[in-house]
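Trainee: Input: one structure, supplied below.
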Amino acid sequence: MHGPDYWDEINANIKKHYYQKLMYSYKLDSYLRLFERWGIDFRNKTVLITDLFDESFSEKNLFNSIKTGHNRVIGVDISEVIVERAKKKTGFKDGVIADIKNLPFKNEMFDIIVSPSTLDHMPCKFLKGYLEELSRVLKKDGKILITMHNKNNIYLDFFLISILNVHKFEFEKYDTKNFNKIASDAALNINRSSSIIHLPFPSFASVILGRMDSNTFFGKKFLPFLLNFEKIGDTKPFSHTGQLLAFELNKA
């Protein structure tokens, strides 16, 4: 199990995001469309984001997308390198260096916790403990929105390792059944599940066209086409097509 020093070394050597421009926009908008489909309202809420990797590379990120001016959004990351980069890139002050297994927050502080593919970088045997720690800082009627790498997607290893070259650090993969068992053991219920960022298409198409900026004429035309595939996440085959499985959890 790797601590802050390991992640600082890894992140210090990462000079650019694994996702190119269009792929990055597709990823971010996939999250935002999921929240919209699920009717998640971040206004007047206290929100925790458990990962600041994206925020350290782009001003277009979950933190800025969720922040409304009428809520408080706090981001945590185990890596000091990432937190400091994110503060410079995004300009926010609520960035905290912390390990999710021991969060520096009081009990029942957050209305919503967003965990964007964070806990799947931890060994599976520790997942229950991490979920219990998130539950500790979650209000009684709060929600945890979490994504995990999808065990059922047969393209996932090839995409992450051969295409995106992210083999430098480990990641665990889950399916709905085994994640549900661990969440239940941590006294959490799954309210809803779906998937986002679909493989093999449109994720591969996003990589091939990755240098295309979503703000250009062609990017503006092509991105909505890719995002139409996010509707797959609400259909029966979603557990096989998504790069990430998505779950909405609350306290049992």
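The values are calculated or read from the model by the stated rules, or taken from the named source; none is laboratory data. Because the structure is a prediction, the values reported are computed rather than measured. Cβ: placed from backbone, ideal geometry, glycine included. Neighbour counts: every protein chain shown.
Trainee: Quick one: in region 130-179, which of the residues that are of a type in the set (Gly, Ala, Ser) and assigned to a helix (DSSP H, G or I) is nearest to residue 119 (Cα to Cα)?
Mentor: Once the filter is applied, the top-ranked residue is 135.
Trainee: Counting just the residues of region 79-125 that are part of a loop (DSSP other than H, G, I, E, B) and at pLDDT below 90, which one comes out surrounded by the fewest Cβ atoms within 10 Å (Cβ to Cβ)?
Mentor: 93
Trainee: Could you please find all residues in region 56-73 being in a loop (DSSP other than H, G, I, E, B) and in contact with an Asp or Glu (Cβ under 9 Å, 6 or more places away or on another chain)?
Mentor: Passing the criteria: 60, 61, 71.
Trainee: Answer yes if at least one residue in region 116-128 is among the hydrophobic types (A, V, I, L, M, F, W, C), over 28 Å from residue 209 (Cα atoms) and in contact with a Leu (Cβ under 8 Å, 6 or more places away or on another chain), and no otherwise.
Mentor: Looking through region 116-128, at least one residue is among the hydrophobic types (A, V, I, L, M, F, W, C), over 28 Å from residue 209 (Cα atoms) and in contact with a Leu (Cβ under 8 Å, 6 or more places away or on another chain).
Trainee: Looking at (1) aliphatic (A, V, I, L, M); (2) surrounded by fewer than 16 Cβ atoms within 10 Å (Cβ to Cβ); (3) assigned to a helix (DSSP H, G or I); (4) in contact with a helix residue (DSSP H, G or I) (Cβ under 7 Å, 6 or more places away or on another chain), which one does residue 182 not meet, given that it meets all the others?
Mentor: (2)
Trainee: Sticking with this structure for a sec: Here are some conditions: (1) farther than 22 Å from residue 73 by Cβ; (2) in contact (Cβ under 8 Å) with a residue 24 or more places away in the chain. Residue 145 meets all but one. Which one does it not meet?
Mentor: Against the list (1) farther than 22 Å from residue 73 by Cβ; (2) in contact (Cβ under 8 Å) with a residue 24 or more places away in the chain, residue 145 comes up short only on (1).
Trainee: Being closer than 13 Å to residue 27 by Cα, touching a Lys or Arg at 6+ places or on another chain (Cβ under 9 Å) and either outside any helix (DSSP H, G or I) or not hydroxyl-bearing (Ser, Thr, Tyr) (or both) is the filter here; which residues of region 201-236 pass it?
Mentor: 210, 214, 227, 230, listed by residue number.
Trainee: Just name the residue that is nearest to residue 27 (Cα to Cα) out of those in region 150-192 that are of a type in the set (Ser, Thr, Tyr) and at pLDDT 95 or above.
Mentor: Taking the candidates together, the pick is 174.
Trainee: Provide a single number: the residues in region 21-50 that are more than 17 Å from the chain's Cα centre (by Cα) and either in a helix (DSSP H, G or I) or in contact (Cβ under 8 Å) with a residue 24 or more places away in the chain (or both).
Mentor: Residues in region 21-50 being more than 17 Å from the chain's Cα centre (by Cα) and either in a helix (DSSP H, G or I) or in contact (Cβ under 8 Å) with a residue 24 or more places away in the chain (or both): 6 in total.
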